[in-house]
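The values are calculated or read from the model by the stated rules, or taken from the named source; none is laboratory data. Owing to the predicted nature of the structure, the values given are computational and were not obtained by experimental measurement. Heads up, the Cβs are rebuilt from the backbone with ideal geometry, glycines too, and the neighbour counts pull from every protein chain shown. The area values use the complete protein model at the heavy-atom level, side chains included, leaving out ligands, DNA and RNA. Shrake-Rupley method; radii C 1.70, N 1.55, O 1.52, S 1.80 Å.
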Amino acid sequence: MVDLESEVPPLPPRYRFRDLLLGDQGWQNDDRVQVEFYMNENTFKERLKLFFIKNQRSSLRIRLFNFSLKLLSCFLYIIRVLLENPSQGNEWSHIFWVNRSLPLWGLQVSVALISLFETILLGYLSYKGNIWEQILRIPFILEVINAVPFIISIFWPSLRNLFVPVFLNCWLAKHALENMINDLHRAIQRTQSAMFNQVLILISTLLCLIFTCICGIQHLERIGKKLNLFDSLYFCIVTFSTVGFGDVTPETWSSKLFVVAMICVALVVLPIQFEQLAYLWMERQKSGGNYSRHRAQTEKHVVLCVSSLKIDLLMDFLNEFYAHPRLQDYYVVILCPTEMDVQVRRVLQIPMWSQRVIYLQGSALKDQDLLRAKMDDAEACFILSSRCEVDRTSSDHQTILRAWAVKDFAPNCPLYVQILKPENKFHIKFADHVVCEEEFKYAMLALNCICPATSTLITLLVHTSRGQCVCFCCREGQQSPEQWQKMYGRCSGNEVYHIVLEESTFFAEYEGKSFTYASFHAHKKFGVCLIGIRREDNKNILLNPGPRYIMSATDICFYINITKEENSAFKNHDHQKKSNVSRSFYHGPSRLPVHSIIASMGTVAIDLQDTSCRSASGPTLSLPSEGNKEVRRPSIAPVLEVADTSSLQTCDLLSDQSEDETTPDEEMSSNVEYAKGYPPYSPYIGSSPTFCHLLHEKVPFCCLRLDKSCQHNYYEDAKAYGFKNKLIIVAAETAGNGLYNFIVPLRAYYRPKKELNPVILLLDNPPDMHFLDAICWFPMVYYMVGSIDNLDDLLRCGVTFAANMVVVDKESTMSAEEDYMADAKTIVNVQTLFRLFSSLSIITELTHPANMRFMQFRAKDCYSLALSKLEKKERERGSNLAFMFRLPFAAGRVFSISMLDTLLYQSFVKDYMISITRLLLGLDTTPGSGFLCSMKITEDDLWIRTYARLYQKLCSSTGDVPIGIYRTESQKLTTSECREIASQSQISISVEEWEDTKDAKEQGHHRSNHRNSTSSDQSDHPLLRRKSMQWARRLSRKGPKHSGKTAEKITQQRLNLYRRSERQELAELVKNRMKHLGLSTVGYATFSSLKIH
C-alpha cells in the first residue's frame, strides 16, 4: 500500500497553522504586491469634489447656503436704498457714487468674500482643461462684477461708496435655486414633475426681471425724478402688463434706454419659458399627470391596467363598477401605455366621469409610473388582456409581466387579472381573482348545447341592469308592448347576493331545517331563490347541497334576487294571496303546444330520462295517480323540514342510473362500455379535475379522424358511424387547450350515457399531438380538418345530423382595421349556414356585442325592425344591456366573451362570483355541490300550472332548485298542418302577377312568423333567379311561336321556375353536393322538412 503522506509535499513555511492564526508576517519578503484601489479619490481635490459636487446631501447644503447668500445680498441692497437720503441735483456723480454706512459696507464685503471664494472653489473643482470655459460663464462674470469692487474697497477706502449693481445677484439666486432643486431630487430620491420645475423656473425668471427693472429704474432716476422703490415697482408692473397709464415715466435717457433693454430681454426670455411650459402642459395632458399622494391617502381608488383602452371596454368597466352604491366615492386611475383615444377623451370630459376617472399614460412595468398611480395605496388593481391581438399568447405574456410588476411594487394590493389562454394561468396563481377567457367561453358554449341559453343566464346574472331600479319606468323593456319583453327586462335585474343566516330575515327562521326546505319556503314567502351555502369554517361554496344538508346559524347563504336583503323593506299583505289565485288561473289545453325549458341546479340532473338519484315514487313531474278524476288541481307532496332517508336513494358516482332503464335489446346493441373516472391527461397545468365518462382504453389517434378511414375502421363520414344521438359540431380555427373545456361538460359523470351526443371538432388547422392525447379517452369525440366556408366539409362532418352547430370566433379575424369588422367573416358564414340549414341550432361567438344585431339578419322583417328601435331606445335611456332584447341573444344563440368582463369587475364587491360561475359552468367541482342542467316541459307536464308549484314539485321529489325558465314557441307542426301548407304551396298563379303579389306575400309571412327566431326569409331571391323570372315573363308576353308540345313544355318550365322558392334552390344545392360526395340525401330530406318556410 502506497504511503499517501510521503507523496504529499509539505506546506511552505508561510502556510503553517501558526501563520494562518497569527497572520502572514513574511509577505514583505516574497514577490506579492499590495494593490490599493481608487487612490485618485484620496486626493485633496477629489475629496473636495466629493463634498461639494458628488455627494447629494452635502451638495444640497452648499446650494442652499449659496442661495441664501445671494438673497441676503439683495436684501442688503434694498436696505441701503431705503436708508439713503436722496441728494439734490442732477449730477452724473449720483449714478456712480452712493451713501453706504460702515456696518452695511462690512456686511456686503463679507458676503462678497464668501461668494467669490465659493465661486472660485467650485470653478476649480469643475475645471476640465479649458479655463476660458470657466471664466466666460455668465454666473462667474456676474459674481466678479458684484464681489470684486467690494474686495478692492478693502484696500482702497475711497471706493467704499462706489455703486455696485448688487441687485444682479437675483439671477445668481435663480441659478442656485435650479441647482438646488436638482440636488434635492437626487438627495431624497423623489422626482417632481417637469411641469412643476418649469413653472418654478418661469416664476423665478419673471421675479428676477421685475426686481432688476425696479432697482435699475430707481438708481438711474437718482438724477431725475428721484423715484423710490414703490414708484419703480408701480412703473414696472404697469409697463410689463402693457397697461401704461403714463403717470410715472422715466426722464433721463439712461433710464429710458434701460427700460428698452429690459423689455427686449423680456420679449426674448419670457416667450421661451412660456413655450416650454405650454409644451410640458400638452405632454402632461397626454400622459395624464400624477395621482397625488395626499389624495391616495385620504380617498379610495382602484387602478385599471390595459394595453389599449377602447371606448366599449371603458364604458363596461365604469357602468358596472359604479353600479354598486358603496363604490360611488371611489376613483378610477387608468394606466395605459398608449395615448388617449379621441372617443375616450370625449367621454372622460363628461362631468360625471371627469371627476372620478384619471387617465395616466404609462407602463405597469415601470416603478415610476406605478408610483404616479399610487399603486401601493390602491384598493385593487385590474389587469385586462388585449383580446383584439392576433397573437393571444403574446397578449397573455404581457399581462403576466404586468401582474408580476404590480405584485413586486405593491405586494399588498389585491390583483384582479384577466387571462386569455388557460395554459398561462399557473403563472399568476398568486392573484386574488383570475378569469380565464377561453375556459369560460368553451364551457358556456358546451352548456348552451344541453342547457339552452346558459350564456344568456350567466350574462344576466353577472351584469347590473336597470331591472332592479325602483322606478318602474326605468327598467328595461317596461315601455315595450310585448309582454315577454316586460317580464324579461324585469327579471334581468336578478343578481347573486350573500348574507349570514342568523342575520337574515329571509333565512333565519330555517335554522336547523334542510337546505331544500329553506330554499322552497324562502321562495314561497319572499320570492328569493336560495342556490348555495358556505360553512363558516370552509372556503368551498356548495350549490344546492340537497335535502340532507342542515342549515346552521353561521352559514353564509347565496341567493338570487332583484336586490339584496339589506335594501329591502318587508310588508305583510293578506290580500295578495287572493289576487294571485285569479292571476294564475290555468287556461286549459286550448293554448297548447307550449314548450319550456327550466334551467335548474341540484345534486343531480333533472330530466325526463331518470338519470338522477330519485325516490321510488316515479318520474319527477309525473301526474299523481288518482282513482277518481276530478276537476280540482292535483296535489304536490310538501317539502320536508328534514330529509326522509327512506325515500332518498344513495347516489353512487360510479353507477349510472340510466342503465337500469335500458331494455335488453338496447343492451345487446351497445357494444362499447364506458367507465367513470378522472381524465388521465390534461392538456394544460391548472385544469380542475372533473369526474367524466371515459373509455377503458384510449382510442388510437388515427380513429379520431372522422373523414379518414384507418386500419381500425372504414368510416369516412358521420353517416357511416350510425350515431343514435344527434351531433354537436364545433367549428374552430385551432384546437387550443381551451377546447378541452368544451368536451368535459358534455362528458360529465351526471350526464346519462344514452344521452351523450357525439362531438365533432371541425378545425381549420390540424390539432397537436398533446391535444389528441387529452381527448382520446373521451367517448364519441372526433375531429376533422375543414372550414365552415366549405359546404363539402360541412356535409362530411354530418351537419345534416347535427343538433347544434357551435361557431367559435377565429383569432386571426379578431384584429381588423375597423374594430367592429372583426366579426364580418363569422357573421356572413353563420348567415350562410342559417340559410342552408335553417332548422340547425347555431350558437355563435362574436368579438363585439354590438354586432349581435346582424345575426339571422332580415332586412324586411317588421319584428326585427321593432326590436332594433327598442334597442336604440334602451341605449339612449342608459341601459347596460341594450342588446338583451335581440332574439338571438335572448335565445342563447349568440354571445360575446367581452360580456363576461363584468364578472371580474363584480368580484371586487362580490368575491364569490367567480367561484359560483365556475361551479355553474362545471369548470370546478366540489364534493356535495350541485350542477347546472335542464329539463323539458311537455304538454303532459302542464298540470303543474305555475312556477311556484314547479318549485315545490322539484324540491319535494328530487331536491332540485329551479333558477329560471327559457320559453319559446313550438317549431314543429302537426302532419295535417304540414299537408295543408304543402297543398297551398302548389297553387299556381300567372307569371305576370308574380311581382304584384310578392310584396303582399312577404308582409303576410313576416307577420305570422315574427316570433320565430330561426325562420329564414324566403322572399329574398338571388339575382340569377330574378333574371330568370324576367325572362319567363317576356316569353309569356310574346305568345306561342312553336309547336304545341314545345309551348306546353315551356309553360311547364315556366310554372316550375316560379314554384321554386329560395328554400328549394338551397335544398337542391345541398342535395347535389351530397350526391357528388357519395352521401345519402335521406337524412337531409327529413332534416329540411322540420321547419316550414
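GLU845 - would you say it is farther than 21 Å from VAL759 by Cα and either open to solvent by less than 50 Å² (accessible area, probe 1.4 Å) or in contact (Cβ under 8 Å) with a residue 40 or more places away in the chain (or both)? The answer is no for GLU845.
Considering region 885-916, the residues that are part of a loop (DSSP other than H, G, I, E, B) and either among the small types (Gly, Ala, Ser) or more than 19 Å from PHE558 (Cβ to Cβ) (or both) include one that is modelled with the lowest pLDDT, namely ARG886.
Number of residues in region 374-420 that are under 15 Å from the mean Cα position of the chain (by Cα), assigned to a helix (DSSP H, G or I) and of a type in the set (Ser, Thr, Tyr) equals 2. Every residue in region 552-561 that is within 14 Å of ILE963 (Cβ to Cβ) and open to solvent by 10 Å² or more (accessible area, probe 1.4 Å), please. Answer for region 552-561, where residues must be within 14 Å of ILE963 (Cβ to Cβ) and open to solvent by 10 Å² or more (accessible area, probe 1.4 Å): ILE560, ASN561.
Mind telling me which of the residues GLY467, GLY477, GLY489 ends up being closer than 25 Å to THR968 by Cβ, open to solvent by less than 20 Å² (accessible area, probe 1.4 Å), at pLDDT below 65 and part of a helix (DSSP H, G or I)? Spell out how you get there, then give the answer.
Numbers: GLY477 fails: part of a helix (DSSP H, G or I); GLY489 fails: at pLDDT below 65.
One residue alone meets the criteria, GLY467.
Just to check your reading of the model, which residue among ASN725, ASN737, ASN765 is polar (S, T, N, Q) and within 21 Å of SER841 (Cα to Cα)? Break it down into steps so the answer makes sense when it comes.
On the way: ASN737 fails: within 21 Å of SER841 (Cα to Cα); ASN765 fails: within 21 Å of SER841 (Cα to Cα).
From the options ASN725, ASN737, ASN765, the qualifying one is ASN725.
Annotation note: Cβ proximity below 6 Å between a residue of region 165-184 that is under 22 Å from ARG100 (Cβ atoms) and free of Cβ contacts under 8 Å to residues at least 60 places away in the same chain and a residue that is open to solvent by 20 Å² or more (accessible area, probe 1.4 Å) and in a helix (DSSP H, G or I) (sequence gap 6+ or interchain) occurs for LEU168/LEU142. Among the residues of region 787-806, those that are under 37 Å from the mean Cα position of the chain (by Cα) and open to solvent by 10 Å² or more (accessible area, probe 1.4 Å) comprise SER787, ILE788, ASP789, ASN790, LEU791, ASP793, ALA803, ASN804. Is one or more of the residues making up region 433-441 under 18 Å from TYR912 (Cα atoms), assigned to a helix (DSSP H, G or I), open to solvent by 10 Å² or more (accessible area, probe 1.4 Å) and of a type in the set (A, V, I, L, M)? No.
Report, by residue number, each residue of region 829-884 that is part of a loop (DSSP other than H, G, I, E, B) and among the small types (Gly, Ala, Ser).
Going through region 829-884, the residues part of a loop (DSSP other than H, G, I, E, B) turn out to be 837-840, 847-848, 855-861, 877-881.
Those that are part of a loop (DSSP other than H, G, I, E, B) and among the small types (Gly, Ala, Ser): SER838, SER839, ALA859, GLY878, SER879.
Taken as a whole, region 268-276 holds no residue that is free of Cβ contacts under 8 Å to residues at least 60 places away in the same chain, in contact with a helix residue (DSSP H, G or I) (Cβ under 9 Å, 6 or more places away or on another chain) and under 30 Å from LYS374 (Cβ atoms).
Residues are listed down the side, and each one gets a yes or a no for (1) surrounded by fewer than 22 Cβ atoms within 10 Å (Cβ to Cβ); (2) at pLDDT below 90:
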residue	(1), (2)
LEU919	no, no
ASP924	yes, yes
LEU932	no, yes
ILE937	yes, yes
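Against the test of being under 23 Å from PRO849 (Cβ atoms) and assigned to a strand (DSSP E or B), the options LEU309, LEU335, LEU304 yield a single qualifying residue, LEU304.
Here is a list: LEU107, LEU69. Which entry is touching a Ser or Thr at 6+ places or on another chain (Cβ under 7 Å), assigned to a helix (DSSP H, G or I) and either at pLDDT 85 or above or more than 25 Å from LEU220 (Cβ to Cβ) (or both)? Break it down stepwise before answering.
Working: LEU107 fails: touching a Ser or Thr at 6+ places or on another chain (Cβ under 7 Å).
Going through LEU107, LEU69 in turn, the sole match is LEU69.
If only residues of region 25-66 that are touching an Asp or Glu at 6+ places or on another chain (Cβ under 9 Å) and small (Gly, Ala, Ser) are counted, the one that is modelled with the lowest pLDDT is GLY26.
Show the residue pairs meeting these rules: Cβ distance below 8 Å; 6+ apart or different chains; first residue within region 895-911 and of a type in the set (Lys, Arg); second residue modelled with pLDDT of 85 or more. If the second residue must be modelled with pLDDT of 85 or more, the pairs left are LYS910/VAL496; LYS910/TYR497; LYS910/HIS498. What tally of residues in region 204-255 results from selecting those that are more than 18 Å from VAL98 (Cβ to Cβ), of a type in the set (S, T, N, Q) and not in a helix (DSSP H, G or I)? Of the residues in that region, 3 qualify. Taken across region 678-697, residues that are under 26 Å from GLU755 (Cα atoms), surrounded by 13 or more Cβ atoms within 10 Å (Cβ to Cβ) and at pLDDT below 50 do not occur at all. Here LYS724 fulfils each of the conditions (1) at pLDDT below 85; (2) open to solvent by 40 Å² or more (accessible area, probe 1.4 Å) apart from (1). Looking only at region 493-551, filter to residues that are free of Cβ contacts under 8 Å to residues at least 24 places away in the same chain and part of a loop (DSSP other than H, G, I, E, B); which one of those is most open to solvent (accessible area, probe 1.4 Å)? In this case the residue turns out to be LYS539.
Return yes or no: is PHE430 among the aromatic types (Phe, Trp, Tyr), farther than 22 Å from GLU320 by Cβ and assigned to a loop (DSSP other than H, G, I, E, B)? Write out each step before concluding.
Working: among the aromatic types (Phe, Trp, Tyr): yes; farther than 22 Å from GLU320 by Cβ: yes; assigned to a loop (DSSP other than H, G, I, E, B): yes.
It is true that PHE430 is among the aromatic types (Phe, Trp, Tyr), farther than 22 Å from GLU320 by Cβ and assigned to a loop (DSSP other than H, G, I, E, B).
Exactly one condition in (1) within 30 Å of ASN197 (Cα to Cα); (2) surrounded by fewer than 20 Cβ atoms within 10 Å (Cβ to Cβ) is not met by HIS324; state its number. Looking at each condition in turn, HIS324 falls short on (1). Within region 128-170, the only residue that satisfies the criterion of being under 19 Å from ARG80 (Cβ atoms), open to solvent by 30 Å² or more (accessible area, probe 1.4 Å) and within 60 Å of the chain's Cα centre (by Cα) is LEU168.
Apart from one condition, SER600 fits all of (1) at pLDDT below 85; (2) surrounded by fewer than 13 Cβ atoms within 10 Å (Cβ to Cβ); the exception is (2). The set of residues from region 205-236 being surrounded by fewer than 17 Cβ atoms within 10 Å (Cβ to Cβ), more than 24 Å from LEU172 (Cβ to Cβ) and hydrophobic (A, V, I, L, M, F, W, C) comprises just one member, PHE230. Once region 850-864 is narrowed to residues that are open to solvent by 80 Å² or more (accessible area, probe 1.4 Å) and closer than 24 Å to ASP312 by Cα, the residue that is farthest from the chain's Cα centre (by Cα) is PHE857.
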